[in-house]
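One structure coming up, written as structure tokens, with questions to follow.
The values are calculated or read from the model by the stated rules, or taken from the named source; none is laboratory data. This is a predicted model, so every value here is computed, not measured. Cβ: placed from backbone, ideal geometry, glycine included. Neighbour counts: every protein chain shown.
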Amino acid sequence: MRTDILIVEDEPDVRSSLADILRQAGYQVEEAGDGVEALAVLATHKVGAVLLDLRMPRCNGVEVVDALVDPPPIVVVSAHQLTDSDRARMGRKVVAVLKKPVPPAQLLDRLAAIVELTPEPRLPSAEAQ
Amino acid sequence: MRRASRVAPLTVVVAAVIAAASVAGFYSFKNSADQQERTLLESETSQAALYVGTVLSEVGSILDPLASVVSLTNGSPSAFTAHARTVGGGLLNLVLAERHGTTYQVQSAVGTRYSVGQTLSAAISATLARAGATLTPAPVRFNGKTTTALFALGPPLVPSGLAVFTEFSFSPFIATAVTAAKPFELLKAAVYGAPKANEANLLVATVPAGDLPLHSGEVMALSTVGNAKWAVVAEARSPLIGAFARQAQYIILGLGLFVALLVGATIEVLDRRQRYAARLVEERTADLRTTLSDLQTAQEALIRGERLTALGEMASVIGHELRNPLAAVTNALYLLRAKLGDPADPNLEKHLSMVERETAKASTLAEDLTAFVRPREPQKSAVELPGLVTEVVEATPAPANVVLEVETEPLSVQADRRQLAEVLTNLVANAYAAVNGGGTVRVATHRRGQEVEMSVEDTGPGIDADLSDRVFEPFFTTKHDGTGLGLAIVRRLVEANGGRVTLEDGLDDHGARVVVRLPVGVLESS
């Protein structure tokens, strides 16, 4: 299955309101409540970009990034500042780090740039498989 | 450290007491020795006088038989001469004299000095007139070379008007068996043929002529010779009480002074050690006091730091916890705005924009609270101040009615660039807020000695001098919408970078001026 954006966020209100905004903007959105769910979605979907919270009950954001070998672009959206060691651990897999609360207009701008970067031909071919 | 070189009073007192005691001992012993010496000398001299008396009285045993002959022969000169020759062997002058008026005339004589018919001198005549049954000596006459002694007997041993006498002369300084024997061997002595020690009467001496008269500590005793008293003067040849007893006083004095010196030196050494120890204790105590005071200062700083850290942790947690609700509200507002339009219906718009405004303010608070957590360890590098200032004022543009003046010297400091930028941004934003109604904000960097001053001043209302310290405390604010964390964060960041921050009077004697002072960077010149 093809998904434009996966939202990984343990707070239901934050997750659902963000999903509404992205859907309204035209994105195909999947939601995950923690890292384990996120990995399950990533295993079954072709994902364009991931919005990743760091602090979650089961399998936190850093562990999710660790588990992925060739992940889609990841945007970290967190209430917490990244420590230098976290930054080093996640490396280039993370394309942006945004601090909560992110003004939705700003988030959409960033996503537009990132998701556009995903090669268009790949998505249909992935869907074809 | 001052070295005390004066002698301790105790040393002086103790040494003086011992020295005084030894001097007193010296004199006491000397007196006692002197007294003993004198007693012995007196005893020896008396013995010598007695001896002299006994020896000279022997002359009587020569004259006595002659007197008997004169008496028995009723003054026959020939009988006297015959007998006198047998007695004196012709060596002694032996004379029989008869009174004629006031003087005496020689009747018979043996020896060389007197001849028959000779009239005797007034002095001899006077002696003969006094002569009786007891041996009567004439005063001895010493002419500087020889001495002459005369002894006479008179009535009732001889008939009235007659007298017999013997006279002999000799050198008083020639040692004889008498003067070489005890008691004279211990003494320097002189015997005078008179009751007083006149040189003209010297009879005999055991010392050379030059040593007379005797002085130092001499003793006089009177010797009975016939019916006269003759003087015997003597002093000791060597101490009679013994050389050791004579020297003992000096030994006492010497030992005493030595002991005084020894005890004094010992006391002085002990005293100096004690003084040294006391000084050491004083110094160590002062060191300890300084250390204690340093520790207290450090402890206070630590407590303040820990309180701030705890406060920072709590603020940070609250800030984080606010972020999720704020994120949900922000998202919901975005959806509402999309639904209701921008601007929305005037009745709704008023409330909607208020919620947006307040949400933004709450987001800022959450941001400040999060930032108040203890700053990370600064990563220092050379920060060029002009570049930093330009960057910050460009990122934080002045409001329309505020004039911004920038005045920078080409300086650099060793600091964490991001933290220093945060400090300056904070200060500039504060200054803009302070001159909200219009005014001037000046950002300047200058060098002052070994420090670099980075100041942000404004023409705003300023802050009371008595609040100038409190403005750096967390949650203290003079602004209506301030969180009171901005300057607290500034101070923590500045101090973490080895600097300090103060609030002073601003432009035109009012307004505020915040000065950040940092050490000059080592790479300044490059």
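Starting from residues that are in contact (Cβ under 8 Å) with a residue 24 or more places away in the chain and within 14 Å of chain B (Cβ to nearest Cβ), keep the ones in region A:15-45 and report whichever is surrounded by the most Cβ atoms within 10 Å (Cβ to Cβ). First the steps, then the outcome.
In the first step, residues of region A:15-45 are kept if they are in contact (Cβ under 8 Å) with a residue 24 or more places away in the chain; the result is A:18, A:21-22, A:25, A:27-35, A:37-39, A:41-42, A:44-45.
Then keep just the ones that are within 14 Å of chain B (Cβ to nearest Cβ); that gives A:18, A:21-22, A:25, A:29, A:31, A:33.
On the way: A:Leu18: 27, A:Ile21: 21, A:Leu22: 20, A:Ala25: 16, A:Val29: 18, A:Glu31: 18, A:Gly33: 18.
In this case the residue turns out to be A:Leu18.
Quick check on this structure: which one of B:Ala315, B:Ala360 is in contact (Cβ under 8 Å) with a residue 24 or more places away in the chain and either on the phi < 0 side of the Ramachandran plot or touching a Gly at 6+ places or on another chain (Cβ under 9 Å) (or both)?
Values: B:Ala360 fails: in contact (Cβ under 8 Å) with a residue 24 or more places away in the chain.
On inspection, the qualifying residue turns out to be B:Ala315.
Regarding A:Lys93, is this residue in contact with a Pro (Cβ under 9 Å, 6 or more places away or on another chain) and among the basic types (Lys, Arg)?
Details: in contact with a Pro (Cβ under 9 Å, 6 or more places away or on another chain): yes; among the basic types (Lys, Arg): yes.
Yes: the conditions hold for A:Lys93.
Among the candidates B:Leu261, B:Leu335, which residue alone is at pLDDT 90 or above, assigned to a helix (DSSP H, G or I) and within 14 Å of another protein chain (Cβ to nearest Cβ)? Before you say what the answer is, go through the steps one by one.
Details: B:Leu261 fails: within 14 Å of another protein chain (Cβ to nearest Cβ).
Criteria check complete, one pass: B:Leu335.
So in region B:207-240, with the set limited to residues that are of a type in the set (Val, Ile, Thr) and closer than 20 Å to B:Glu37 by Cα, which one is nearest to the chain's Cα centre (by Cα)?
Taking region B:207-240 and keeping what is of a type in the set (Val, Ile, Thr), we get B:207, B:219, B:224-225, B:232-233.
Next, only the ones that are closer than 20 Å to B:Glu37 by Cα stay: B:219, B:232-233.
Numbers: B:Val219: 51, B:Val232: 59, B:Val233: 56 Å.
Step by step, filter region B:207-240, then rank; the result is B:Val219.
Here is a follow-up. Can you go through B:Ala434, B:Ala465, B:Ala444 and tell me which one is at pLDDT 90 or above, farther than 27 Å from B:Thr309 by Cβ and of a type outside the set (Lys, Arg)? Step through it out loud before you land on a result.
Numbers: B:Ala434 fails: at pLDDT 90 or above; B:Ala465 fails: at pLDDT 90 or above.
Sole residue among the options that is at pLDDT 90 or above, farther than 27 Å from B:Thr309 by Cβ and of a type outside the set (Lys, Arg): B:Ala444.
Between A:Val77, A:Val64, A:Val94, which is out of contact with any Ser or Thr (no Cβ under 9 Å at 6 or more places or on another chain), surrounded by 16 or more Cβ atoms within 10 Å (Cβ to Cβ) and within 13 Å of chain B (Cβ to nearest Cβ)?
Residue meeting the stated conditions: A:Val77.
Of the residues that make up region B:84-93, is at least one surrounded by 15 or more Cβ atoms within 10 Å (Cβ to Cβ) and part of a strand (DSSP E or B)? Walk me through how you get there before you give the answer.
Filtering region B:84-93 for residues surrounded by 15 or more Cβ atoms within 10 Å (Cβ to Cβ) gives B:84, B:87-88, B:92-93.
Retained after the next criterion (residues that are part of a strand (DSSP E or B)): B:93.
Yes, because at least one residue in region B:84-93 is surrounded by 15 or more Cβ atoms within 10 Å (Cβ to Cβ) and part of a strand (DSSP E or B).
Further question on the same structure: Applying the selection to region B:36-65, what residues are in contact (Cβ under 8 Å) with a residue 40 or more places away in the chain, among the polar types (S, T, N, Q) and surrounded by fewer than 22 Cβ atoms within 10 Å (Cβ to Cβ)? Walk me through it before giving the result.
The initial filter retains those residues of region B:36-65 that are in contact (Cβ under 8 Å) with a residue 40 or more places away in the chain, namely B:36-38, B:40-42, B:44-53, B:55-57, B:59-60, B:62-64.
Remaining after also requiring among the polar types (S, T, N, Q): B:36, B:45-47, B:57.
B:Gln36, B:Ser46, B:Gln47, B:Ser57, listed by residue number.
Considering (1) at pLDDT 80 or above; (2) surrounded by 19 or more Cβ atoms within 10 Å (Cβ to Cβ); (3) not charged (D, E, K, R), say which one B:Leu222 fails and leave the rest.
For B:Leu222, the exception is condition (2).
Would region B:356-371 turn up any residue that is away from every other protein chain (no Cβ under 14 Å), assigned to a helix (DSSP H, G or I) and under 23 Å from A:Ser85 (Cα atoms)?
Initially, region B:356-371 is screened for residues away from every other protein chain (no Cβ under 14 Å), giving none.
Within region B:356-371 (the criterion being away from every other protein chain (no Cβ under 14 Å), assigned to a helix (DSSP H, G or I) and under 23 Å from A:Ser85 (Cα atoms)), the answer is no, since none of the residues qualifies.
I'm told B:Arg3 meets every condition in (1) touching a helix residue (DSSP H, G or I) at 6+ places or on another chain (Cβ under 7 Å); (2) modelled with pLDDT under 80 except one. Can you identify the failing condition by its number?
So the condition that B:Arg3 fails would be (1).
Here's another thing I want to ask about it. Touching a strand residue (DSSP E or B) at 6+ places or on another chain (Cβ under 9 Å), assigned by TED's automatic domain parsing to the domain that holds B:Val389, of a type in the set (A, V, I, L, M, F, W, C) and part of a strand (DSSP E or B): does that describe B:Val494? Let's see the steps before the verdict.
Details: touching a strand residue (DSSP E or B) at 6+ places or on another chain (Cβ under 9 Å): yes; assigned by TED's automatic domain parsing to the domain that holds B:Val389: yes; of a type in the set (A, V, I, L, M, F, W, C): yes; part of a strand (DSSP E or B): no.
No, not satisfied.
Something else now. Whether any residue in region A:107-128 is closer than 19 Å to A:Asp10 by Cα and at pLDDT 80 or above is what I want to check. Let's see the steps before the verdict.
The first filter runs over region A:107-128 and keeps only residues closer than 19 Å to A:Asp10 by Cα, leaving A:107.
Going one step further and asking which of them are at pLDDT 80 or above, we end up with A:107.
Checking region A:107-128: at least one residue is closer than 19 Å to A:Asp10 by Cα and at pLDDT 80 or above.
Let me ask something else about it. Need the failing condition index for B:Ala344 against (1) within 14 Å of chain A (Cβ to nearest Cβ); (2) not in a helix (DSSP H, G or I), just the number.
Among (1) within 14 Å of chain A (Cβ to nearest Cβ); (2) not in a helix (DSSP H, G or I), B:Ala344 violates only (1).
Let me ask you something else. Would you confirm, using the coordinates I've provided, whether B:Ile303 is within 14 Å of chain A (Cβ to nearest Cβ) and either without any contact (Cβ under 8 Å) to a residue 12 or more places away in the chain or over 16 Å from A:Ser16 (Cα atoms) (or both)?
Numbers: within 14 Å of chain A (Cβ to nearest Cβ): no; either without any contact (Cβ under 8 Å) to a residue 12 or more places away in the chain or over 16 Å from A:Ser16 (Cα atoms) (or both): yes.
In short, no.
Restricting attention to region A:46-84, which residues are among the hydroxyl-bearing types (Ser, Thr, Tyr) and in contact with a Lys or Arg (Cβ under 7 Å, 6 or more places away or on another chain)? Before you say what the answer is, go through the steps one by one.
So in region A:46-84, the residues among the hydroxyl-bearing types (Ser, Thr, Tyr) come out as A:78, A:83.
The one that is among the hydroxyl-bearing types (Ser, Thr, Tyr) and in contact with a Lys or Arg (Cβ under 7 Å, 6 or more places away or on another chain): A:Ser78.
Quick check: anything in region B:306-326 within 14 Å of chain A (Cβ to nearest Cβ), β-branched (Val, Ile, Thr) and buried (at least 18 other Cβ atoms within 10 Å of the Cβ)?
no
Next question. Scanning region B:447-477 for residues that are among the aliphatic types (A, V, I, L, M) and not in a loop (DSSP other than H, G, I, E, B), which turns out farthest from B:Asn430 (Cα to Cα)? Can you show your working first?
Our first condition is that a residue be among the aliphatic types (A, V, I, L, M); within region B:447-477, this holds for B:452, B:454, B:456, B:463, B:465, B:467, B:471.
Retained after the next criterion (residues that are not in a loop (DSSP other than H, G, I, E, B)): B:452, B:454, B:456, B:465, B:467, B:471.
Values: B:Val452: 21, B:Met454: 15, B:Val456: 9, B:Ala465: 18, B:Leu467: 16, B:Val471: 12 Å.
Checking each candidate, the answer is B:Val452.
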